[in-house]
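Only one structure is covered here, and it is reproduced in the block below.
What follows draws every value from the coordinates through simple rules; no lab data is involved. Just so you know, these numbers come straight off a predicted model, no measurement behind them. Positions of Cβ are backbone-derived with ideal geometry, glycine not excepted, and every protein chain shown enters the neighbour counts.
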Amino acid sequence: MTANSPMLEIRGLIKSFGALRATDQVDLDVREGETHAIIGPNGAGKTTLLGQLSGTLRPDAGAIRFAGEDITRLAAPARSHRGIARSFQITSVYRDFTVLENVALAVQAHAGHSFRFWRAADEVPELAQPAQRVLEEVGLTARSGVLAARLSHGEQRQLEIAMVLATRPKLLLLDEPAAGAGAEETQRLIRFLGGLKRRHTMVLVEHDMDAVFTLADRVHVVLDQ
Amino acid sequence: MVLVLEQILNGLQLGVMLFLMAAGLTLVFGIMNLVNLAHGSLYMVGAYFAAALYQWTGSFPLAVLLALAGTLAVGIATEVIALRTLYERDHLDQVLATFGLILFFNELVAILWGRAAIYSTVPDYLSGHVELAANFRYPLYRLVIVAVGLAVALLLWFVVARTRLGMLIRAGASNRTMVAALGVNIRLLYTIVFGCGAALAGLAGLLAGPIYVVQPGMGELILIQVFVVIVIGGIGSIRGAFFGALLVGTVDTLGRAFLKPVLAAVLSPTAAEAAGPALASMLIYLLMAAVLAIRPRGLFAARA
Amino acid sequence: MRKGQLFWGAAVVLLAALPPAALALQQPFYLDLVRRVMIFAIAAASLNLILGYGGMVSFGHAAYLGVGGYAVGVLSHYGIDNGWLQWALAIGASALAAAAIGAISIRTSGIYFIMITLAFTQMLYYLGISLDEYGGDDGMRLATRSRFSGLVDLDSPVAFYYLVLALMLLVLYLSHRIVRSRFGRVIRAAKSNEARTRAVGLSPYAYKLAAFVIAGAMGGLAGALLVNHTAYLTPEFMNWTRSGELMFMVILGGMATTAGPLLGAFALLIVEDLLSGWTEHWQVILGPLLVLAVVFFKRGIAGSLFHDRE
């Protein structure tokens with residue numbers, strides 16, 4: 001990948017659900033280091049687009065290239081290993097794991113294979129320490145021993161972002177990270193994401209215009225036709 | 001040649017009975033997301049009711065009608081008492097609870113009628129043979145079963161494709177929550193669907209009585225074949241149940257009849273003697289595995 | 001963890017003290033019963049691994065008891081009674097069967113998975129019935145019990161009992177470690193949230209299959225023990241109602257707990273024993289009891305005693 005070619009290139013992406021064309025010939029470039037926002041009315045297909053980027057949905061037509069490689073047909077776990085990480089619109093963490101274990105799992109997923117049967121996973125410092133560092137970064141250290149199911153909604157969003165960061169991604173796909181957050185929480189989130197901007201490339205699906213205009217370098221608008 | 005034709009018809013007959021069971025079961029899976037192991041018990045209840053009522057009343061048509069009504073009643077009673085709480089539960093709970101129901105029904109039947117197989121007969125006007133071709137006579141009763149099964153298939157197709165109830169069923173199979181959100185009386189719909197499934201199972205049971213063995217546990221033997229049919233056909237799809245049932249019925253029957261001689265011709269008589277019956281009994285499961293390898297959701301999966 | 005340690009301490013002491021107590025009271029029947037319970041505890045523990053911790057509703061687990069039992073029984077039939085060889089084959093063959101069945105089944109999920117695992121077990125059951133050489137559906141007596149070059153004499157009820165006790169504790173301990181290991185974490189994660197697991201970079205299939213194979217191997221060991229215990233080999237080992245019983249042991253004991261399998265095996269087998277003492281038609285009572293247990297007592301014994309959740 002040369003300095004000029006984009007990190008993420010989407011060409012002619014099409015995805016239909018029966019008669020509904022959710023993604024209609026989308027062309028998009030995301031440059032390394034930039035924060036690219038995707039905005040549009042509800043139901044216009046933003047989450048569907050993210051799903052095709054993260055690998056949970058298969059496009060009907062078109063191509064996605066990441067760092068020069070065609071990943072259109074690549075499965076989600078493999079995309080994670082290429083450096084793409086996604087947070088979900090509806091918080092999706094491990095409710096019966098502790099906060100620390102949630103993040104440690106994300107670390108573990110990128111620390112080689114897990115066919116290790118003897119040593120207790122929470123006694124492996126190579127997993128616990130990076131996990132704790134990420135928790136510090138997002139500000140959840142105080143809650144590291146708490147079951148994820150017991151966290152507040154906002155804390156769960158933080159946890160989700162922690163898991164995203166724990167996989168040391170090159171590209172972050174964030175699906176409405178401020179959804180359901182109050183004004184103060186949203187401000188904190190914007191500040192936090194602002195701090196990430198320097199080190200990560202981000203595709204941000206958001207409704208909150210404050211977040212969009214503070215964070216985004218470029219904006220892509222998706223409309224219902 | 002006559003032998004082959006006979007076995008094909010037998011396969012068709014088995015297929016049609018599997019369809020009667022599979023149609024009800026796949027609808028209940030598809031619409032209510034309920035794994036109901038006790039479906040086989042309703043089959044058994046139908047068989048027992050028919051046999052007992054025929055002996056008691058002496059009139060076959062009356063026995064059939066009462067057996068169907070009785071199975072329907074048992075089915076609806078079971079749904080209201082035991083199954084309603086399970087709709088919200090996960091599949092594991094449903095499997096375990098309906099497993100408990102199987103134990104209950106099998107033992108109840110054993111208490112009422114004993115553990116030994118009971119005798120189920122057909123009236124004279126249904127026994128005997130029909131001459132289908134030169135030198136080819138086939139039992140009338142089995143032809144009746146095929147006819148009834150195809151008639152029911154046609155009726156089901158009509159109801160599902162052409163009536164409002166059918167539309168609700170198809171909608172429910174594809175998106176249950178939406179149907180509920182649209183204000184349809186889901187409870188009633190569920191009970192109707194379950195009742196239909198029970199009646200179909202009862203019909204299969206009463207038809208099967210004279211041909212197969214009527215004893216406690218008979219439902220489970222056929223139930224597992226019905227599972228294979230549904231997996232092959234696709235959950236929630238009546239069309240899948242139909243084609244899957246015919247496929248499984250013919251493969252199983254032809255396999256049992258002809259695998260041993262075929263093996264004897266190709267390999268050796270001793271090998272055929274040893275491997276033939278074993279392989280024949282495994283045939284439909286191998287078929288299932290093969291279908292799943294290509295289409296993990298079955299041939300006609302209804303859900304998006 | 002204090003409660004748990006107390007429990008295990010008491011359990012080991014009680015179980016170890018049973019044989020001399022039973023013999024002193026001239027009730028060898030209890031020796032037999034508890035030995036049977038422990039063998040099923042091993043089987044239940046193996047199912048707990050994939051069902052309780054892994055969320056894989058395998059309705060065909062009895063197949064592996066059957067394969068293990070048949071491995072020992074068939075070898076014994078041909079005069080090979082070397083226990084090391086027999087049991088190694090029992091474990092190996094069940095692992096292989098689990099690998100084959102799992103490879104296909106684990107590609108599916110939900111209702112399909114349940115039905116497919118059931119179907120494959122039934123296939124093996126019919127296979128067992130059709131093998132007239134080994135008794136067909138009547139089964140056959142075990143020619144001789146497994147011989148372990150003088151180390152343990154399985155014909156001695158007490159020695160066999162202690163062997164089973166030791167093996168059960170070993171299996172429970174191994175499960176305990178596996179579940180807390182990195183491998184176990186992936187299995188638990190896949191059960192808790194499959195979409196998140198894939199998003200984070202893990203492909204659950206290989207791990208689930210490995211768990212399935214391990215569970216199958218443990219089931220094979222249980223089968224080898226069972227056939228030695230009953231001294232009779234029958235396809236009924238693989239009957240799907242057996243699979244149902246195993247699932248109930250896991251649930252009643254408490255899913256995803258270490259003590260669950262033992263408690264569940266005890267509970268179910270003791271209840272069955274009691275009920276069958278009352279009436280020949282005990283299943284008509286057991287059936288509804290099981291239904292009630294599922295509806296009202298989902299957490300199981302260990303779940304209620306040891307795990308204070310919200």
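Find, to one decimal place in angstroms, the Kirkwood hydrodynamic radius of chain B, where the mean of 1/r is taken over every pair of different Cα atoms and then inverted.
Numbers: mean 1/r = 0.0497 Å⁻¹.
About 20.1 Å, per the Kirkwood formula over Cα pairs.
So what's chain C giving for Cα Rg divided by 2.2 N^0.38 Å, two decimals? Can you show the working numbers first?
Details: Rg = 19.0 Å, N = 310, 2.2 N^0.38 = 19.5 Å.
Cα Rg divided by the expected 2.2 N^0.38 Å: 0.98.
Counting each DSSP H run of 4 or more residues in chain A as -39500 (n - 2.57), what helix-only mean residue ellipticity at 222 nm follows after dividing by all residues, to the nearest 500 deg cm²/dmol?
Values: 7 runs with 77 residues, N = 225.
Calculated at 222 nm, the ellipticity per residue is -10500 deg cm²/dmol.
Along the charge dipole of chain A, pointing to its positive end and built from +1/-1 on Cβ of Lys, Arg, Asp and Glu, which listed residue (A:193, A:114, A:151) has its Cα farthest out?
About the Cα centre, the residue reaching furthest to the positive side is A:114.
Rounded, prolate or oblate: which fits the range B:45-185 when a ≥ b ≥ c are the square roots of the eigenvalues of the alpha-carbon gyration tensor, with rounded for a/c under 1.5 and prolate only if a/b beats b/c? Intermediate results must be reported in sequence, preceding the final value.
Working: a/c = 2.50, a/b = 1.37, b/c = 1.83.
It is oblate, given that a/c is not under 1.5 and a/b is not larger than b/c.
Just to confirm the number: angle between the C-alpha axis of helix B:60-78 and the first principal axis of chain B, 0 to 90 degrees, nearest 10?
Result, in degrees: 50.
State, to one decimal in nm², a quarter of the convex hull surface area for the C-alpha atoms of the range B:211-304, i.e. the direction-averaged projected area.
Directional mean of the projected Cα hull area for the range B:211-304 stands at 7.4 nm².
Most fluctuating residue of C:15, C:226, C:268 in a GNM of chain C with Cα springs under 10 Å: which is it?
Judging by the Gaussian network model, the answer is C:15.
Any idea what % of Cα-Cα pairs in the range C:142-244 are farther than 15 Å? Kindly include the intermediate steps, with their values, before the conclusion.
Values: 3776 of 5253 pairs.
Tail of P(r) above 15 Å: 72 percent of Cα pairs.
Using a 10 Å cut-off around each Cβ, can you sort A:124, C:37 from fewest to most neighbouring Cβ atoms? Each step should come with its number before you reach the end.
Values: A:124 18, C:37 23.
Least to most surrounded, the residues fall as A:124, C:37.
Through the Karplus equation 6.51 cos²θ - 1.76 cosθ + 1.60, θ set to phi - 60°, convert the phi angles of the range B:99-116 into ³J(HN,Hα) values in whole Hz; use x for Gly and Pro.
4, x, 5, 4, 4, 4, 5, 4, 6, 4, 4, 5, 5, 6, 10, x, 7, 6
Lys/Arg Cβ at +1, Asp/Glu Cβ at -1, dipole of the protein assembly as shown taken about the Cα centre: which of A:87, B:61, B:265 is farthest positive-ward?
Working it through, the farthest residue towards the positive pole turns out to be A:87.
Are there any chymotrypsin sites (Phe, Trp or Tyr not before Pro) in the range B:118-176 that are in a DSSP loop and have at most 13 other Cβ atoms within 10 Å? List them by number. Spell out each step's value before the answer.
On the way: sites: B:119, B:125, B:136, B:141, B:157, B:158; in loops: B:119.
Loop-located and lightly packed - B:119.
Give A:15/C:298; A:46/C:298; A:197/C:208; C:3/C:191 a once-over and call out the pairs whose C-alpha atoms are over 32 Å from each other. Present the calculation step by step, with values, prior to reporting the outcome.
On the way: A:15/C:298 42 Å; A:46/C:298 40 Å; A:197/C:208 37 Å; C:3/C:191 27 Å.
Long pairs (Cα-Cα over 32 Å): A:15/C:298; A:46/C:298; A:197/C:208.
Please give the calculated 222 nm ellipticity per residue for chain C, where each DSSP H segment of at least 4 residues contributes -39500 (n - 2.57) and the sum is spread over every residue; nearest 500 deg cm²/dmol? Don't skip to the end; give the middle numbers.
Details: 13 runs with 225 residues, N = 310.
After summing the helix terms and dividing by the residues of chain C, the value is -24500 deg cm²/dmol.
Using modelled amide H (1.01 Å from N, peptide plane; none on Pro or chain starts), what sits under 5 Å from the amide H of residue B:34, excluding residues fewer than 5 places away?
B:29
Could you tell me which of rounded, prolate or oblate describes the range C:66-132, using a ≥ b ≥ c as the square roots of the eigenvalues of the alpha-carbon gyration tensor, with rounded for a/c under 1.5 and, failing that, prolate when a/b is larger than b/c and oblate otherwise?
Numbers: a/c = 4.36, a/b = 1.93, b/c = 2.26.
Taking the square roots of the gyration eigenvalues as a ≥ b ≥ c, the range C:66-132 is oblate.
To the nearest Å, what is the center-to-center distance of the range C:239-263 and the range C:10-63, using C-alpha atoms only?
11
How far, in degrees from 0 to 90, does helix A:125-138 lean away from the longest principal axis of the Cα atoms of chain A, to the nearest 10?
The answer is roughly 60 degrees.
If you plug each phi of the range A:97-102 into the Karplus form 6.51 cos²θ - 1.76 cosθ + 1.60 with θ = phi - 60°, what whole-Hz ³J(HN,Hα) values come out, in order, with x for Gly and Pro?
Residue by residue, the range A:97-102 yields 9, 6, 4, 4, 5, 4 Hz.
For chain C, set up a GNM with springs between Cα atoms under 10 Å and report which of C:123, C:249, C:56 has the largest fluctuation.
Top of the fluctuation ranking is C:123.
To two decimal places, what compactness ratio does the range A:20-162 give when its Cα radius of gyration is scaled by 2.2 N^0.38 Å? Kindly include the intermediate steps, with their values, before the conclusion.
Values: Rg = 17.4 Å, N = 143, 2.2 N^0.38 = 14.5 Å.
Against the empirical 2.2 N^0.38 Å value, I get 1.20 for the range A:20-162.
Just to be sure I understand: with springs between alpha-carbon atoms less than 10 Å apart, which residue in C:165, C:47, C:18 has the highest mean-square fluctuation in the Gaussian network model of chain C?
C:18
If you line up the long axis of helix B:164-174 against the longest principal axis of chain B, both from Cα atoms, how many degrees apart are they, to the nearest 10?
It works out to around 90 degrees.
Can you classify the protein assembly as shown as rounded, prolate or oblate using the Cα gyration tensor, where a ≥ b ≥ c are the square roots of its eigenvalues, rounded means a/c under 1.5, and otherwise it's prolate if a/b beats b/c and oblate if not?
Details: a/c = 1.96, a/b = 1.31, b/c = 1.49.
In terms of gyration-tensor shape, oblate.
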